[in-house]
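A quick write-up on the structure given underneath.
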Amino acid sequence: MEFLVERKKASTALGRSKLPGIDYTLNPYIGCVHACIYCYARLYCDPRIGRNWGKVVVVKENIAEVLAREIARKKSGVVGLSTITDAYQNIEAREGITRRLLEILLENNFKVSIQTKSSLVLRDLDVICKKKELVDVGFTITTLDKKLAKLVEPMASSPSERVRALEEISAEGIRTWIFLGPIIPGISEDSFGEIVEIAKATGSVVYYDRFRVKTFMNSGAVRELAERARKANWQKITDELKELCRAKDITLIPGFGDF
């Protein structure tokens, strides 16, 4: 998939976060070439990028320098890397911005919570392992079915690649977690049992969230997913997931409040 790369100068790096357990947000890019058809992040960026989600990515080319200046003035806390983009999307392999941000944060003893759909995070294991007590890494997994994942998350790493990366990171003694979300009715449930087994094997916490229907979901494949979500028996879906986690003694936490 082709995409347009733009560059800009960032005036700030760290933003205040409203997410539970996260004090600051840090987003090295605007837009995301993973092009997930359900992604809500398109609603929180330039409308032009939102309308062309997955086709435009803006590189904040000076954000490492801005962070290095800001961090001396900030109270230590947990930094979410990232919240409205994937810091390890494909372009990061070339740009290397996320790696430098990670180095700066850890050199200053800030805690870092990484969430990604990319196995590229393995590239930075050497940096993470130097201060592994300050880092946790989570992988978003909506389904383990490769074909289905390709339809809804076309440019992200395959589910099997994410699982292998999760296993490798966990083996290094780094705290790991799985974000099972958004749960897509009729798709995600088939993977519940295996995801729970993966969480057990890697000592991972599982966060979850339902498919939240948004205004942009009015055409194409995402419209079908939205219709499924409207008709879903969320109580039944949640109870099934809770029971599976309870049986394996897995910590299960609602990502944005229970449903």
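Details
- Of the residues making up region 53-77, those that are open to solvent by 30 Å² or more (accessible area, probe 1.4 Å) and either within 21 Å of residue 118 (Cβ to Cβ) or touching an Asp or Glu at 6+ places or on another chain (Cβ under 7 Å) (or both) are 55, 60, 61.
- Selection of region 1-43 for residues being open to solvent by 70 Å² or more (accessible area, probe 1.4 Å) and touching a Gly at 6+ places or on another chain (Cβ under 8 Å) yields 1, 3, 43.
- Filter pass, residue 157 being touching a helix residue (DSSP H, G or I) at 6+ places or on another chain (Cβ under 7 Å), open to solvent by less than 40 Å² (accessible area, probe 1.4 Å) and within 23 Å of residue 118 (Cα to Cα): yes
- Selection of first residues in region 34-47 that are in contact (Cβ under 8 Å) with a residue 40 or more places away in the chain and of second residues that are acidic (Asp, Glu) and surrounded by 13 or more Cβ atoms within 10 Å (Cβ to Cβ), restricted to Cβ pairs under 8 Å at least 6 apart or on distinct chains, gives the following pairs, ordered by first then second residue: 34/86; 34/153; 35/153; 36/153; 37/153.
- Test: residue 198 is among the hydrophobic types (A, V, I, L, M, F, W, C), open to solvent by less than 60 Å² (accessible area, probe 1.4 Å) and assigned to a helix (DSSP H, G or I): yes
- If the condition is being open to solvent by 20 Å² or more (accessible area, probe 1.4 Å) and under 17 Å from the mean Cα position of the chain (by Cα), then region 98-112 contributes 99, 111.
- Any chance residue 135 is under 30 Å from residue 223 (Cα atoms) and surrounded by 16 or more Cβ atoms within 10 Å (Cβ to Cβ): no
- In region 203-254, the residues that are assigned to a loop (DSSP other than H, G, I, E, B), open to solvent by 80 Å² or more (accessible area, probe 1.4 Å) and charged (D, E, K, R): 249
The values are calculated or read from the model by the stated rules, or taken from the named source; none is laboratory data. Bear in mind the structure is a predicted one, so any value in this text is a computation, not a measurement. In this analysis, Cβ positions are derived from the backbone assuming ideal geometry, glycine residues included, and neighbour counts consider all displayed protein chains. Side chains are part of the model used for accessible areas, which takes the heavy atoms of the whole protein and leaves out ligands, DNA and RNA. Shrake-Rupley method; radii C 1.70, N 1.55, O 1.52, S 1.80 Å.
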